[in-house]
1. Using beta carbons and a limit of 6 Å, which pairs, at least six apart or on different chains, have the first residue in the range 65-92 and over 11 Å from P44 (Cβ atoms) and in a loop (DSSP other than H, G, I, E, B) and the second one modelled with pLDDT under 90 and among the acidic types (D, E)?
2. So which pairs qualify, if the first residue must be in the range 39-57 and more than 14 Å from V114 (Cα to Cα) and of a type in the set (K, R), the second must be at pLDDT 90 or above and part of a helix (DSSP H, G or I), the Cβ gap must be under 7 Å, and the two must be at least 6 apart or on different chains?
3. Quick one: which helices (runs of 4 or more DSSP H) lie wholly within the range 1-59 and hold at least 2 residues that are within 8 Å of the chain's Cα centre (by Cα)?
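The values are calculated or read from the model by the stated rules, or taken from the named source; none is laboratory data. None of the values given here were measured: they were computed from a predicted structure. Cβ placement follows ideal geometry from the backbone for every residue including glycine, while neighbour counts extend to all protein chains displayed.
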Amino acid sequence: MTDEQLRDLKKTIDKATASFKGDITQLEAAIGLAFVSEHMGWKPMMLVHDARTIKKYEEIIQLGRKDFSYRNPNLAPEIGPKASKLVAWELVQKGLSFWRAVRGQEPGVRQPTVRGAKA
C-alpha cells in the first residue's frame, strides 16, 4: 500500500470511527480486515470470512463510498505476500476449487489458522 493509499484508508477509518454506532468489536474487526487484507490478499481472506461478514465490514467502514471494498486493488492485492501462511489458502492451492471453497462447498477449508514461518 502506498503512502497515499494509507492516508486515504486512515481518512476512511477516521470517518467510520467518528460516526460509528453499535458494537465496537465489529468496527475493530472491519478495520483489522482492511489491514490484514493488505498482507494476505482479498482472495485468501474470502476463504476465512463468509460473504455476509465481508459485506457487513465493508458497510461499517464504507459510509456510502462505493469505491471502498476489500476487493479493491488499491486497498488489497488479489493475493498478498503472506497468503501462503494461511491454511485455507494452502488447501486451495493443493487443487480445491477457490469459488467452491468461498461458497463453503469444500469441507474443512474455511478456517482462520495462520502458520508460522516455514523453515
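1. S69/E58
2. Final answer for the pair search is K43/F98.
3. Once the helices (runs of 4 or more DSSP H) in the range 1-59 are filtered for at least 2 residues that are within 8 Å of the chain's Cα centre (by Cα), what remains is 24-40, 42-48.
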